[in-house]
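**Student:** Sharing a structure with you now.
The values are calculated or read from the model by the stated rules, or taken from the named source; none is laboratory data. Keep in mind that what you see is a predicted model, and the values were worked out from it rather than measured. Quick reminder, even Gly has a Cβ in these numbers, built from the backbone with ideal geometry, and neighbours come from all protein chains shown. For the accessible areas, the whole protein counts, side chains as well, though only heavy atoms, and no ligand, DNA or RNA atoms are used. Shrake-Rupley method; radii C 1.70, N 1.55, O 1.52, S 1.80 Å.
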Amino acid sequence: MKISSNRKFTLQELAEKTGAVLEGDGAVEINGVAPIEQAGRGEISFVANKSYLKYIDTTEASALVLAPETACERRPVLRHENPYLTFARIIDLFHPEQLLLPAGIDKTAVVADDVEIAPTAAIGPLCHISRGARIGHNSQLVSSVFIGENVTLGDNCRLYPGVKIMDECKIGRNVILHPGVVIGSDGFGFAWSGTEHKKIQQIGWVEIEDDVEIGANTTVDRGALGPTRIGRGTKIDNLVQIAHNVEIGQNCIIVSQAGISGSTKVGHGVIIAGQAGLIGHLEIGDKAVIGAQAGVAKSVPPGKAVLGSPARDIMEEKRITTIQKRLPELLKRLKAVEDKLAED
Amino acid sequence: MKISSNRKFTLQELAEKTGAVLEGDGAVEINGVAPIEQAGRGEISFVANKSYLKYIDTTEASALVLAPETACERRPVLRHENPYLTFARIIDLFHPEQLLLPAGIDKTAVVADDVEIAPTAAIGPLCHISRGARIGHNSQLVSSVFIGENVTLGDNCRLYPGVKIMDECKIGRNVILHPGVVIGSDGFGFAWSGTEHKKIQQIGWVEIEDDVEIGANTTVDRGALGPTRIGRGTKIDNLVQIAHNVEIGQNCIIVSQAGISGSTKVGHGVIIAGQAGLIGHLEIGDKAVIGAQAGVAKSVPPGKAVLGSPARDIMEEKRITTIQKRLPELLKRLKAVEDKLAED
Amino acid sequence: MKISSNRKFTLQELAEKTGAVLEGDGAVEINGVAPIEQAGRGEISFVANKSYLKYIDTTEASALVLAPETACERRPVLRHENPYLTFARIIDLFHPEQLLLPAGIDKTAVVADDVEIAPTAAIGPLCHISRGARIGHNSQLVSSVFIGENVTLGDNCRLYPGVKIMDECKIGRNVILHPGVVIGSDGFGFAWSGTEHKKIQQIGWVEIEDDVEIGANTTVDRGALGPTRIGRGTKIDNLVQIAHNVEIGQNCIIVSQAGISGSTKVGHGVIIAGQAGLIGHLEIGDKAVIGAQAGVAKSVPPGKAVLGSPARDIMEEKRITTIQKRLPELLKRLKAVEDKLAED
């Protein structure tokens, strides 16, 4: 099966619409996009990752999007410094985003009396909107979405089935929440009384700025007292945990199954790779990079890359890992030295 | 934005109601709680973590809750050995817990004929209660909660949107289940037949005792034959996995993204930090502490703290981690020794 | 409490129905199954794990399923090379799988006009089936299940409460999806434009072959362009992340909280233990074994077992782990050698 599109463009048109440089026959007609190893006639593909260079000679794609320096002799090419971005734009041309639902409120949705829902918004089947909530223009709640009391949701948001946004949370514009996302669950806060873990009421909230996307079944806890905050343009993958009072800057990338503990502050443009864990009350500087499975127990300065558990400077960690591999050899060498000294 | 309260207390009243010792002007009027770095006039805050001591002189809070030994000259103070606990009690005074829903069954809920629902219980919109279920007094099912057949749910429970409790599970009193929690999904059990993984039917159940709280999207599997059990007062964070036939004692703390494999027994008062993993069939003694990201492959005696993957005694692990950091230096020193011996 | 069955078999009958060899009195009547340490009169149990051998003499079970070589003098035994498999078959005899729901569409379900639902299928309360979907014979959607546009679901599937299958995904026969599973959420793909993370539209889909079982709150992302694929008979535990364009072969076992990054190809019969993480674009050969918490950054050849983060050959990793434990001692020995050389 292929995802088909009923749109067509000449290569010349694609070059113009994406700002890429055409190399070869601009009249070639393109009717779809495909991965390079599966692309056929009439389709365009791309290479952005070295491991796919090997397909350039054998692909049956009618054209390719490539970086300026990538050799390709046998077919027309669109050249761009960022082939991945250019290809993303081409996908958008063939598959313009569609509204999932017609505007209006489905008759099976449960909506409190005093909510404000923009007339262009779509509230799908079996959604539940609590009192005081506000839903912005063109926002789409696909199915079985829960919106708590006094939640505000901006324009052009897309909330997939089973999303739950708890009371008092504030969501900006163009926010995408994938199925099962939970926003504003209680933070994990208890004080030991001597006989029981006394619950600290979590009376804060969550603020999610514009252009944020959050993956399936990810959880974002409300602040204990103030907000938990996710900055504009930050993208979060599936099954991530964001604890109470965490503050995340703009344009961060947080990969699947990572976890950030309470009150940690993450700067702008930070990358946190899969399954990494950060303890609480840290500061992670702008553009820092946290490696996969890293266990971060200390603040990380801006621009620094760390890896390992406990996390260290990435170059140091790699050096240590290399020597660890040699431990059996080093043990033998130490023994040899000891033996030699014993002989003397 | 701040979470406002319409209640007011004098500092004197707060001291009396929490058992704290007043230091300074008891007539000061307090109208809310706030984090120390954001608190303003009329608000009370606290310090329980050393890294917030720096705010004591600069905060605009009208009063602070502090430990007996923490210096504070410029404003009135409530002194208590456990400032965090005292502050939790003060939050409760300003924000008494409210019923989320009126008693009764929402008209969009689907309720089988032979269930027993206390008249004081609230069954919110789009919930589904299967036959034979019993729901206790004052329990609240906020929205889209699924209750399987013959489930019993005690008094004063709070089940947030999207909670699912599968057939035959037993939930005690005062249990809080956050959005998306799954209780009683099948355990992961298969026997290889030579050609396929034959499913072992999971005919057990889950028992959750009183005062347990479980975080968003956490999963607790039903036992294969008998129960999976979570003891009274235990608190579990988001995205945790509890496998079949696990038994967890009382007053444990299990932090986000930890996982406990099948049939492992965890004692009372155990702390399992974030992203830790325990293999199956272990025994974890009372008050043991499992560090973040630890990989526990052996039973842990009572009171012992472990860290690392594979997990070791925490002091040993820290010593090893320190030496690992020095491996490049040790390699050089070994080489120097070898060279010297070769010279001789 | 015990799970009771209203069925009875003689030991002779159980031997015949499971192909086990009877040892002892075949007339003994058995009326249920139980774990060995809890089994009572009239019940049968088994031992497949060495740590339970100690119960053989003390159990009150009326019969046991054991491997040919396991000694047992005091009660009748069913002998089979695979006691666990045999016991699974006995459980099926006492607890034959029951239909959860009557065929038909619940009146609270929301079903688009042009769907095809087999007359033997059951669509439970509060489900939502989007246009173009097809639901096969005897498939059961328990409650609050979301089925996207043009989804095909084969025969005999069981979808537990809160399962969400997004548009265009294809699910085979006999597939079990536990509560909260998300199939076909968008993959995590963005291209940095210089000012923002531009979303790569995820226009692929997910294909799940026959006999697959997927655990609670696990997420499987749709392909970016083509499919994400899970092969026949593969079993996946709770809270696992399967990223876009991953391909998983047949009869794999993927344990809780593991994560597989984009475009990685996993062969047949692979075991991926709990909390393991695989980076993207790898190839994992047939019957490879990935240890718990492993961090796999390189392809793994068929049959190979790896462990650690970064993952290494399991024997090498264990050797290194053993030496790491001795690092404090090695440091002292190195110091002693240095001192001795300094003396000379």
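**Student:** Is it true that C:Ala243 is among the small types (Gly, Ala, Ser), in contact (Cβ under 8 Å) with a residue 40 or more places away in the chain and under 29 Å from C:Phe190 (Cβ atoms)?
**Tutor:** Answer is yes for this residue.
**Student:** Within the stretch C:177-209, which residues are closer than 21 Å to C:Tyr160 by Cβ and open to solvent by less than 30 Å² (accessible area, probe 1.4 Å)?
**Tutor:** Listed by number, the residues that qualify are C:Leu177, C:His178, C:Pro179, C:Gly180, C:Val181, C:Val182, C:Ile183, C:Gly184, C:Ser185, C:Val206, C:Ile208.
**Student:** Could you list, in sequence order, the residues of the stretch C:191-232 that are assigned to a loop (DSSP other than H, G, I, E, B) and of a type in the set (A, V, I, L, M)?
**Tutor:** Those that are assigned to a loop (DSSP other than H, G, I, E, B) and of a type in the set (A, V, I, L, M): C:Ile200, C:Ile203, C:Val212, C:Ala216, C:Ala224, C:Leu225.
The rows are residues; the columns are (1) within 14 Å of chain B (Cβ to nearest Cβ); (2) at pLDDT 95 or above.
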| residue | (1), (2) |
| --- | --- |
| C:Cys72 | no, no |
| C:Leu101 | yes, no |
| C:Val111 | no, yes |
| C:Gly124 | yes, yes |
| C:Cys127 | yes, yes |
| C:His137 | no, yes |
| C:Asn150 | no, yes |
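**Student:** At the interface with another protein chain (Cβ under 9 Å from one of its Cβ atoms), free of Cβ contacts under 8 Å to residues at least 40 places away in the same chain and open to solvent by 20 Å² or more (accessible area, probe 1.4 Å), is that true of C:Val115?
**Tutor:** So C:Val115 does not fit the description; no.
**Student:** Restricting the search to the stretch B:123-136, which residues are touching an Asp or Glu at 6+ places or on another chain (Cβ under 8 Å) and either in a loop (DSSP other than H, G, I, E, B) or open to solvent by less than 40 Å² (accessible area, probe 1.4 Å) (or both)?
**Tutor:** B:Ile123, B:Gly124, B:Pro125, B:Leu126, B:Cys127, B:Ser130, B:Arg131, B:Gly132, B:Ala133, B:Ile135, B:Gly136
**Student:** Out of B:Ala342, B:Ala292, B:Ala336, report the one residue that is open to solvent by 40 Å² or more (accessible area, probe 1.4 Å), more than 11 Å from chain C (Cβ to nearest Cβ), not in a loop (DSSP other than H, G, I, E, B) and not β-branched (Val, Ile, Thr).
**Tutor:** After ruling out the rest, the residue left standing is B:Ala342.
**Student:** Let me ask another. Testing C:Gly162 on (1) surrounded by fewer than 24 Cβ atoms within 10 Å (Cβ to Cβ); (2) part of a loop (DSSP other than H, G, I, E, B), one condition comes back false. Which one is that?
**Tutor:** (1)
**Student:** Within the stretch B:277-289, identify whether any single residue is farther than 30 Å from A:Asn238 by Cβ and assigned to a strand (DSSP E or B), and answer yes or no.
**Tutor:** Checked the stretch B:277-289: at least one residue is farther than 30 Å from A:Asn238 by Cβ and assigned to a strand (DSSP E or B).
**Student:** On to the next question. It is to be established whether one or more residues within the stretch A:5-27 are under 26 Å from the mean Cα position of the chain (by Cα), within 14 Å of another protein chain (Cβ to nearest Cβ) and open to solvent by 70 Å² or more (accessible area, probe 1.4 Å).
**Tutor:** no
**Student:** Same structure again: Can you name the residue in the stretch A:243-261 that is under 10 Å from the mean Cα position of the chain (by Cα) and part of a strand (DSSP E or B) and, of all such residues, is surrounded by the most Cβ atoms within 10 Å (Cβ to Cβ)?
**Tutor:** A:Ile254
**Student:** Kindly check whether there is at least one residue in the stretch A:297-305 that is open to solvent by 30 Å² or more (accessible area, probe 1.4 Å), among the charged types (D, E, K, R), closer than 22 Å to B:Ile320 by Cβ and not assigned by TED's automatic domain parsing to the domain that holds A:Val175.
**Tutor:** Scanning the stretch A:297-305, I find no residue that is open to solvent by 30 Å² or more (accessible area, probe 1.4 Å), among the charged types (D, E, K, R), closer than 22 Å to B:Ile320 by Cβ and not assigned by TED's automatic domain parsing to the domain that holds A:Val175, so the answer is no.
**Student:** Give the number of residues within the stretch C:174-202 that are β-branched (Val, Ile, Thr), within 24 Å of C:Ala216 (Cα to Cα) and at the interface with chain A (Cβ under 8 Å from one of its Cβ atoms).
**Tutor:** 1
**Student:** Look through the stretch A:63-100, keep the residues that are in contact with a Pro (Cβ under 9 Å, 6 or more places away or on another chain) and outside any strand (DSSP E or B), and return whichever of them is surrounded by the most Cβ atoms within 10 Å (Cβ to Cβ).
**Tutor:** Across the stretch A:63-100, the extreme among qualifying residues is A:His80.
**Student:** Sticking with this structure for a sec: Keeping to the stretch A:34-62, report how many residues are open to solvent by less than 10 Å² (accessible area, probe 1.4 Å) and assigned to a strand (DSSP E or B).
**Tutor:** The number of residues fulfilling the criteria is 2.
**Student:** Does C:Ser139 meet the test of being of a type in the set (Ser, Thr, Tyr), open to solvent by 10 Å² or more (accessible area, probe 1.4 Å) and in the same structural domain as C:Ala258 (by TED's automatic domain parsing)?
**Tutor:** no
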